[in-house]
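Reviewing the structure listed below.
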Amino acid sequence: MGTALVYHEDMTAARLLWDDPECEIECPERLTTALERLQQRGLEQRCLRLAAREASEAELGLVHSPEYVALLQGTQALGTGELQTLSGQYDAVYFHPSTFHCARLAAGAALQLVDAVLAGAVRNGLALVRILIVDWDVHHGQGIQYIFEDDPSVLYFSWHRYEHGRFWPYLRESDADAVGQGPGLGFTVNLPWNQVGMGNADYVAAFLHVLLPVAFEFNPELVLVSAGFDSAIGDPEGQMQATPECFAHLTQLLQMLAGGRVCAVLEGGYHLESLSQSVCMMVQALLGDPAPPLSGPMVPHASALESIQSVRVAQAPHWMSLQQQGVAPVLSPSPRSPEGRPSPLLLPGGPEFKAAATQDVAALSSLLDQLRLNPAPPVRTAVALTAPDAALALPSDVLCEEGSAPQEETQAWARPHEALAQDRALTALGKVLYLLDRILDGQVSSGIAVTPASAAAATLDVAIRCGLSHGAQRLLCLAVGQLDRPPDLTDDGRTLWLNIGGKEAAALSMFHVSVPLPGTTGGFLSCVLALVLPLAYSFQPDLVLVALGPAHGLRDPQAALLAALLRGPAGGRVLVLVDEESTPQLAVVLARVLHGEAAPSLGPFSMASPEEVQALMQLRGQLEPRWKMLQVASEAGGPGSG
């Protein structure tokens, strides 16, 4: 199974036939530029092309009245003047003789993609179409909300420019306290942005602290992404600052759900360069490529934290995953402009916005230059296994690494550790050092090595020191099980040590954190989403070491999810050390998820225990001042984060 791309050139036929400043940004070049960029990057060639079809009238009738369908159908016979008159009866809408055909193709393309994913013909995909259903687009998707607001089988999440009701569509039901109706209470999740300028940290924080906890509890069978890129940097409509690679990270996070069955449908996006680059980043993630590291400081805006906390408060009565995180009321609302009058910063024609837009375009150009200088490694995943038969279950393009570091180098690193004196331990260390060097020199993205249980701690110690001496500037070490932190590892800011499986929850320093292994699904998810990932994204490592040591206690799906999620913060540079007493199947599962496949399901959601909740809350309170991605309450936004 691969990634599908659905497109039809007829969808470029509709264009504006008269002067209208409000509608001129919706142009066919949005599709053609995105497709050309996919072709230039070699991404289209890696996808399976599906032919778009027209949606039937019966399919359109699932959400549209016969009168509305007849109205659209009638536009095919109208002249330009009649089309302009009809368009003038609506808000920022234009009709074209091909509108009905394009609309049916757009709907049919999305249906083709969904059918292919649910039938198992493809794993995920992107439909390049022109419709308006909003999710991470900057406009509220009120139409989708109205359709599904009383349906508990559909969880609808939308973030959008709201500005306390002063941004289109100016609806009270776009606010955080609009959570659905009747049996659908809690299944509508609105995250209103009350300021422009939201960026990478804000978007990732929204996923970690709102969407993913709820989505894992909901346990969907299919994820639909309304992929609007007017929420990206440089867009004149959105005025936000998320960079293209952010959408690769968001896509990767969504692939943790529903067995990876993700269908993305193109929505807004009116800065052609930003749009096309963001589309490429999303498709790369759908194809399983590692996401480039996020640029800029990972410090959410105070206004974003306020919005996130408002959503958590509104949704907590409906979701155990939020109740167990100790949601507190919002205490410090951000200043509002007078009702009915947008802030001067929000006016597209204002000098402040023009200056910001110029900075955004310059920043985008610099970011794209950086991405070109850091191509993806030629090998996505390499493994060094001790059980040869395990390799039979690996994807065909996973490299079974036979190389080893030079014997003299291996012995020099091993000399201080008595546990590494045995031949088996020394051989395993040589393979670890070889894999580590290949990751650091850009030849391999991620790797897995099996180590003897008796030498697990010593091997990890050497891997940390070797990584720091061979070019890693910031190294995140996640040790699971009975693995003590090396006693002379300093808190110089270069290493962040997290131990899952410690005797008690403790932040011995801002760079040394220990937490007991949660015994419930809910506790494990809270530990990962509300502690591990926020710390990892705040730290912004350029290398992640994951060590599954003796008595690590993780089930295979838990270990796989942890490894898959940690691909994001370091741009895919992950080395996993697996205790050889673990099952051979564990190494195979880990290799598959690091290669971009979906992690196995964790199973039914179970509420975290009071002890797990207390331990998590205690750690968050200690660590929030230093690690800003842990903050979810408005009063936690420090100086400069507003």
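The values are calculated or read from the model by the stated rules, or taken from the named source; none is laboratory data. A quick note: this is a predicted structure, and the numbers were derived from the prediction, not measured. Please note: Cβ atoms are built from the backbone with ideal geometry, for glycine as well, and neighbour counts cover all protein chains shown. With ligands, DNA and RNA removed, areas are computed over all heavy atoms of the protein, side chains included. Shrake-Rupley method; radii C 1.70, N 1.55, O 1.52, S 1.80 Å.
Structure above, values below:
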| read-out | value |
| --- | --- |
| Criterion (buried (at least 23 other Cβ atoms within 10 Å of the Cβ), closer than 28 Å to residue 26 by Cα and at pLDDT below 95) met by exactly one of 288, 268 | 268 |
| Selection status of residue 135, charged (D, E, K, R), touching a residue at least 24 places away in the same chain (Cβ under 8 Å) and either surrounded by 17 or more Cβ atoms within 10 Å (Cβ to Cβ) or in a helix (DSSP H, G or I) (or both) | yes |
| Residue in region 405-426 that is exposed (fewer than 15 other Cβ atoms within 10 Å of the Cβ) and among the hydrophobic types (A, V, I, L, M, F, W, C) present | yes |
| Yes/no for residue 523 being under 24 Å from the mean Cα position of the chain (by Cα), part of a loop (DSSP other than H, G, I, E, B) and in contact (Cβ under 8 Å) with a residue 60 or more places away in the chain | no |
| Tabulated pairs, region 1-24, first over 19 Å from residue 266 (Cα atoms), second surrounded by fewer than 15 Cβ atoms within 10 Å (Cβ to Cβ) and charged (D, E, K, R), C-beta under 7 angstrom, 6+ apart or interchain | 16/24 |
| Selection from region 76-130 of residues that are of a type in the set (D, E, K, R) and touching a Cys at 6+ places or on another chain (Cβ under 7 Å) | 130 |
| Some residue of region 27-48 being under 30 Å from residue 273 (Cα atoms), in contact with a His (Cβ under 9 Å, 6 or more places away or on another chain) and open to solvent by 50 Å² or more (accessible area, probe 1.4 Å) | no |
| Hits in region 462-515 (condition: in contact (Cβ under 8 Å) with a residue 60 or more places away in the chain, open to solvent by less than 30 Å² (accessible area, probe 1.4 Å), over 15 Å from residue 575 (Cα atoms) and assigned to a loop (DSSP other than H, G, I, E, B)) | 481, 483, 505 |
| Checklist (1) touching a strand residue (DSSP E or B) at 6+ places or on another chain (Cβ under 6 Å); (2) in a loop (DSSP other than H, G, I, E, B); (3) not aliphatic (A, V, I, L, M) applied to residue 125, failing item | (2) |
| Scan of region 88-115 for residues that are without any contact (Cβ under 8 Å) to a residue 60 or more places away in the chain, crowded, with 16+ Cβ neighbours inside 10 Å and not aromatic (Phe, Trp, Tyr), ordered by number | 97, 103, 104, 107, 108, 111 |
| Region 205-234: number of residues that are open to solvent by less than 10 Å² (accessible area, probe 1.4 Å) and either among the small types (Gly, Ala, Ser) or at positive phi (or both) | 7 |
| So residue 555, is it open to solvent by less than 30 Å² (accessible area, probe 1.4 Å), among the basic types (Lys, Arg) and either touching a residue at least 40 places away in the same chain (Cβ under 8 Å) or out of contact with any strand residue (DSSP E or B) (no Cβ under 7 Å at 6 or more places or on another chain) (or both) | no |
| Selection count, region 160-203, where residues are touching a residue at least 60 places away in the same chain (Cβ under 8 Å) and in a strand (DSSP E or B) | 6 |
| Any hit, region 17-25, residues being modelled with pLDDT of 90 or more and open to solvent by 70 Å² or more (accessible area, probe 1.4 Å) | no |
| Residues located in region 618-631, provided they are in contact (Cβ under 8 Å) with a residue 24 or more places away in the chain, surrounded by fewer than 16 Cβ atoms within 10 Å (Cβ to Cβ) and either closer than 25 Å to residue 255 by Cβ or not polar (S, T, N, Q) (or both) | 626 |
| Selection status of residue 441, open to solvent by 10 Å² or more (accessible area, probe 1.4 Å) and either over 32 Å from the mean Cα position of the chain (by Cα) or over 23 Å from residue 581 (Cβ atoms) (or both) | yes |
| Some residue of region 495-508 being more than 21 Å from residue 613 (Cα to Cα) and touching a helix residue (DSSP H, G or I) at 6+ places or on another chain (Cβ under 7 Å) | yes |
| Cross-chain or 6+ apart pairs with Cβ under 7 Å, region 421-436 first and on the phi > 0 side of the Ramachandran plot, then open to solvent by less than 10 Å² (accessible area, probe 1.4 Å) and of a type in the set (Val, Ile, Thr) | none |
| Residues located in region 61-86, provided they are in contact (Cβ under 8 Å) with a residue 24 or more places away in the chain and hydroxyl-bearing (Ser, Thr, Tyr) | 75, 80 |
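Results for (1) out of contact with any helix residue (DSSP H, G or I) (no Cβ under 8 Å at 6 or more places or on another chain); (2) closer than 22 Å to residue 8 by Cα; (3) in a helix (DSSP H, G or I), shown as yes or no for each residue.
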{"position": "220", "(1), (2), (3)": "no, no, no"}
{"position": "235", "(1), (2), (3)": "no, no, no"}
{"position": "245", "(1), (2), (3)": "no, no, yes"}
{"position": "250", "(1), (2), (3)": "no, no, yes"}
{"position": "268", "(1), (2), (3)": "yes, yes, no"}
{"position": "291", "(1), (2), (3)": "no, no, no"}
{"position": "299", "(1), (2), (3)": "no, no, no"}
{"position": "311", "(1), (2), (3)": "no, no, yes"}
{"position": "321", "(1), (2), (3)": "no, no, yes"}
